[in-house]
Amino acid sequence: MKQIESLWKERVQLYIHELRKYLKYIFNDHLLFVAIFALGAGAYYYNGWVKTLDESFPIGLVMGILLGLFLTMSPIYTLLKEADKVYLLPIEMKMASYFRKSILFSFVIQAYLLLMLLAICMPMYVQASGNGFQSFLYILIVLFILKVWNLYLQWDMLKIQDQRTAIFDWLIRFVLNSCFIYFIIERANPWNYGLFNIHYLALFDFYHSLVKGKTLKWDVLIDK
């Protein structure tokens, strides 16, 4: 529906406008100076610390936990408002394109942050593992694929209001994501990747079957 497409564009434009106003208010001249100074000092000490690392440093474990945590935390930005549960609820079945765009929008934002996090981790990875920066693109592509998988599972979980199930879901995905990244960093046997792929596909299929026939929880979407 053209109305749905127009609604999404309007919401994104409003979000960007509000974000610009917020950032302009937050990053005034004084705070910007402090931020630049802090980043410069942090980069200097980080670079010095990285030079002290050797092969005994558990780089796989550290990057597995850091990247696994960020992959698991996959919020969906639907840009819905309080009044939507009244005006949009009757046309929920026609809003598939709106929610697909919200997942894509969420991916773009989180992919950029994921890129930054990996870029920060790479000097540590190169120093501790002895491998070069040529692995950067390969690891980044893997992270992007896993981020999409996590976003779609998170979307399915938004249709379930049980808190214990949500916690269980988070723990499963965190362990799976962290272990997979660990094996990628440590360059484990390729057979391990096939085993992880089976688990990823099985969990994806299980989640879809679990929420089949369930409707959206509009209060949850708006609160988040």
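The values are calculated or read from the model by the stated rules, or taken from the named source; none is laboratory data. Fair warning: this is a prediction, and the values are worked out from it, not measured in the lab. All Cβ positions, even for glycine, are placed from backbone atoms using ideal geometry, and neighbour counts span all protein chains on display. Remember, those area values only see protein heavy atoms, side chains included, never the ligands or the DNA or RNA. Shrake-Rupley method; radii C 1.70, N 1.55, O 1.52, S 1.80 Å.
State which residue is nearest to F105 (Cα to Cα) when the search covers only segment 155-174 and only residues that are touching a residue at least 12 places away in the same chain (Cβ under 8 Å) and part of a helix (DSSP H, G or I). Steps first, answer last, please.
Start the filter on segment 155-174 by keeping residues that are touching a residue at least 12 places away in the same chain (Cβ under 8 Å), which leaves 155-161, 169-170, 172-174.
So of that shortlist, the ones also part of a helix (DSSP H, G or I) come out as 155-157, 169-170, 172-174.
On the way: W155: 13, D156: 17, M157: 18, D169: 23, W170: 21, I172: 25, R173: 21, F174: 22 Å.
By that ranking, first place goes to W155.
Of all the residues that make up segment 30-52, how many are assigned to a helix (DSSP H, G or I), under 26 Å from C179 (Cα atoms) and open to solvent by 70 Å² or more (accessible area, probe 1.4 Å)? Walk me through how you get there before you give the answer.
From segment 30-52, those assigned to a helix (DSSP H, G or I) are 30-50; that's our starting set.
If we keep only those that are under 26 Å from C179 (Cα atoms) as well, we get 46, 49-50.
If we keep only those that are open to solvent by 70 Å² or more (accessible area, probe 1.4 Å) too, we end up with 49.
The number of residues fulfilling the criteria is 1.
Take M73 and decide whether it is without any contact (Cβ under 8 Å) to a residue 24 or more places away in the chain and within 30 Å of C179 (Cβ to Cβ). Please lay out each step first, then the result.
Numbers: without any contact (Cβ under 8 Å) to a residue 24 or more places away in the chain: yes; within 30 Å of C179 (Cβ to Cβ): yes.
Spelling it out, M73 is indeed without any contact (Cβ under 8 Å) to a residue 24 or more places away in the chain and within 30 Å of C179 (Cβ to Cβ).
Would you confirm, using the coordinates I've provided, whether E92 is of a type in the set (D, E), farther than 20 Å from M157 by Cα and either in contact with an Asp or Glu (Cβ under 8 Å, 6 or more places away or on another chain) or in contact (Cβ under 8 Å) with a residue 24 or more places away in the chain (or both)? Don't jump to the end; show me each part of the working.
Values: of a type in the set (D, E): yes; farther than 20 Å from M157 by Cα: no; either in contact with an Asp or Glu (Cβ under 8 Å, 6 or more places away or on another chain) or in contact (Cβ under 8 Å) with a residue 24 or more places away in the chain (or both): yes.
No, not satisfied.
Here is a list: Y25, Y112. Which entry is closer than 25 Å to E186 by Cα, part of a helix (DSSP H, G or I) and among the hydroxyl-bearing types (S, T, Y)?
Numbers: Y25 fails: closer than 25 Å to E186 by Cα.
Every option except Y112 fails the conditions.
For segment 31-52, state whether one or more residues are in contact with a Lys or Arg (Cβ under 6 Å, 6 or more places away or on another chain) and either closer than 30 Å to R187 by Cβ or modelled with pLDDT under 90 (or both).
Start the filter on segment 31-52 by keeping residues that are in contact with a Lys or Arg (Cβ under 6 Å, 6 or more places away or on another chain), which leaves none.
No - not one qualifying residue is present in segment 31-52.
Starting from residues that are small (G, A, S) and within 10 Å of I4 (Cβ to Cβ), keep the ones in segment 85-102 and report whichever is surrounded by the most Cβ atoms within 10 Å (Cβ to Cβ). Outline the logic, then answer.
Taking segment 85-102 and keeping what is small (G, A, S), we get 96-97, 102.
So of that shortlist, the ones also within 10 Å of I4 (Cβ to Cβ) come out as 96-97.
Details: A96: 10, S97: 12.
Filtering segment 85-102 for residues that are small (G, A, S) and within 10 Å of I4 (Cβ to Cβ), the one surrounded by the most Cβ atoms within 10 Å (Cβ to Cβ) comes out as S97.
Tell me which of these E55 doesn't satisfy, since it passes every other one: (1) in contact (Cβ under 8 Å) with a residue 12 or more places away in the chain; (2) open to solvent by 80 Å² or more (accessible area, probe 1.4 Å); (3) within 30 Å of W218 (Cα to Cα).
Of everything listed in (1) in contact (Cβ under 8 Å) with a residue 12 or more places away in the chain; (2) open to solvent by 80 Å² or more (accessible area, probe 1.4 Å); (3) within 30 Å of W218 (Cα to Cα), E55 misses just condition (3).
Being small (G, A, S) and touching a residue at least 60 places away in the same chain (Cβ under 8 Å) is the filter; apply it to segment 123-154 and report the residue that is nearest to R187 (Cα to Cα).
First, pick out the residues of segment 123-154 that are small (G, A, S): 128-130, 132, 135.
Among the residues that remain, those that are also touching a residue at least 60 places away in the same chain (Cβ under 8 Å) are: 128-130.
Working: A128: 13, S129: 10, G130: 12 Å.
Looking at the filtered set, the residue picked out is S129.
When residues of segment 118-134 are filtered for being of a type outside the set (A, V, I, L, M), open to solvent by 10 Å² or more (accessible area, probe 1.4 Å) and modelled with pLDDT of 85 or more, how many remain? Show your work before the answer.
Residues of segment 118-134 of a type outside the set (A, V, I, L, M): 121, 123, 125, 127, 129-134.
Now drop any that are not open to solvent by 10 Å² or more (accessible area, probe 1.4 Å), which leaves 123, 127, 129-134.
In the following step, the residues that additionally are modelled with pLDDT of 85 or more were identified as 123, 127.
Qualifying residue count for the region: 2.
Condition first: open to solvent by 30 Å² or more (accessible area, probe 1.4 Å), in contact with a Leu (Cβ under 8 Å, 6 or more places away or on another chain), within 30 Å of Y98 (Cβ to Cβ) and at pLDDT 80 or above. Can you find one or more residues in segment 175-193 that meet it?
No, the conditions are met nowhere in segment 175-193.
Which of the residues spanning segment 65-106 are under 19 Å from the mean Cα position of the chain (by Cα), among the aromatic types (F, W, Y) and more than 22 Å from L171 (Cα to Cα)? Spell out how you get there, then give the answer.
At the first step, the residues of segment 65-106 found to be under 19 Å from the mean Cα position of the chain (by Cα) are 65-79, 99-106.
Right, trim to among the aromatic types (F, W, Y) and you get 70, 77, 99, 105.
Residues satisfying the conditions are F99, F105.
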